[in-house]
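Structure first, commentary second.
The values are calculated or read from the model by the stated rules, or taken from the named source; none is laboratory data. Only a predicted model underlies this, so the values are computations on that prediction, with no experimental measurement involved. Please note: Cβ atoms are built from the backbone with ideal geometry, for glycine as well, and neighbour counts cover all protein chains shown.
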Amino acid sequence: MTINDEIKTDYWDQVETSQSFNTGITGNKLVSVSHVEAKKPGETDWFRVYGSKKEDLDKGLIVKVKVDVLDQDFLVIGPDDFKSEILDGFKKGRLVYLAYYVTSSNRLGVWPVTIPEADRNGNINSYNATAFQVMERAQHEWVNMKTNQGNRVYDGWTARKEDQDMFGEPNFVLDKKEANKKAFNDRVITPDNYKTNPYVTRVLAASQIQTGEKVNGS
């Protein structure tokens, strides 16, 4: 054999892996929009919420939009005068904390937690009040939450110490802004898109039915 001879490799001789071969996935995990949901954690989830106080979370305005047969939460972003315009058009909306969370199985989500406020009679919706309390606790411990329809509240539980230790520190692989963007994805109303989104324009173009009833004695 001379130096000009080409040595052919038969890769079928390399089917078997070496004992030191690493089958673990390396590199950085890519997080797509399908990995982050804009909804509250499931009733079997143990979860933690980003930050250590409510001020660490972003506040947002949510309106309901009918998309085909489903009512979906849309996030309104932009200057305050634009938000006021959209709220006036929709006639109803809610201010929320965008509670960015991670579950013990490393699933990410953004839970729009309605800010509990008293109505004109001084009453606070018990679902909103208890959800807010669970959200704040989840900024410090792993918690679980279930709907208690009988009492119209959310019941919350903290994990046992050994489970807290097992779950460890939460891993928020995205920053808040990116998590919010991926969670709401195309369900965002902005000054640039509100006139072209057919579901949004359907609401804004509707006319209120004039009933002739007097309001507040006027």
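Per-residue answers, yes or no, for (1) farther than 21 Å from residue 47 by Cβ; (2) crowded, with 16+ Cβ neighbours inside 10 Å; (3) free of Cβ contacts under 8 Å to residues at least 12 places away in the same chain; (4) touching a helix residue (DSSP H, G or I) at 6+ places or on another chain (Cβ under 6 Å):
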site: 134; (1), (2), (3), (4): no, yes, no, no
site: 160; (1), (2), (3), (4): no, no, yes, no
site: 179; (1), (2), (3), (4): no, yes, no, no
site: 190; (1), (2), (3), (4): yes, no, no, no
site: 193; (1), (2), (3), (4): yes, no, yes, no
Item to check | Conditions (1) polar (S, T, N, Q); (2) buried (at least 19 other Cβ atoms within 10 Å of the Cβ); (3) under 20 Å from residue 96 (Cα atoms); number of the one not met by residue 125 | outcome: (2)
Checklist entry - Conditions: (1) modelled with pLDDT under 95; (2) out of contact with any Ser or Thr (no Cβ under 9 Å at 6 or more places or on another chain). Residue 161 meets all but one. Number of the miss? => result (1)
Checklist entry - What is the residue count in segment 59-72 for residues that are surrounded by fewer than 18 Cβ atoms within 10 Å (Cβ to Cβ) and either in contact (Cβ under 8 Å) with a residue 60 or more places away in the chain or in contact with a strand residue (DSSP E or B) (Cβ under 9 Å, 6 or more places away or on another chain) (or both)? => result 6
Checklist entry - So, in segment 136-158, of the ones that are surrounded by 16 or more Cβ atoms within 10 Å (Cβ to Cβ) and small (Gly, Ala, Ser), which residue ends up farthest from residue 182 (Cα to Cα)? => result 156
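Residues checked against (1) buried (at least 20 other Cβ atoms within 10 Å of the Cβ); (2) in contact (Cβ under 8 Å) with a residue 24 or more places away in the chain; (3) not polar (S, T, N, Q):
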| residue | (1), (2), (3) |
| --- | --- |
| 90 | no, yes, yes |
| 107 | no, yes, yes |
| 116 | no, no, yes |
| 130 | yes, yes, no |
Item to check | Unmet criterion (only one of (1) small (Gly, Ala, Ser); (2) modelled with pLDDT under 95; (3) within 21 Å of the chain's Cα centre (by Cα)) for residue 217 | outcome: (3)
Next on the checklist: With modelled with pLDDT under 95, more than 18 Å from residue 182 (Cβ to Cβ) and under 20 Å from the mean Cα position of the chain (by Cα) as the only criterion, which of 92, 66 stands out?
Outcome noted: 66
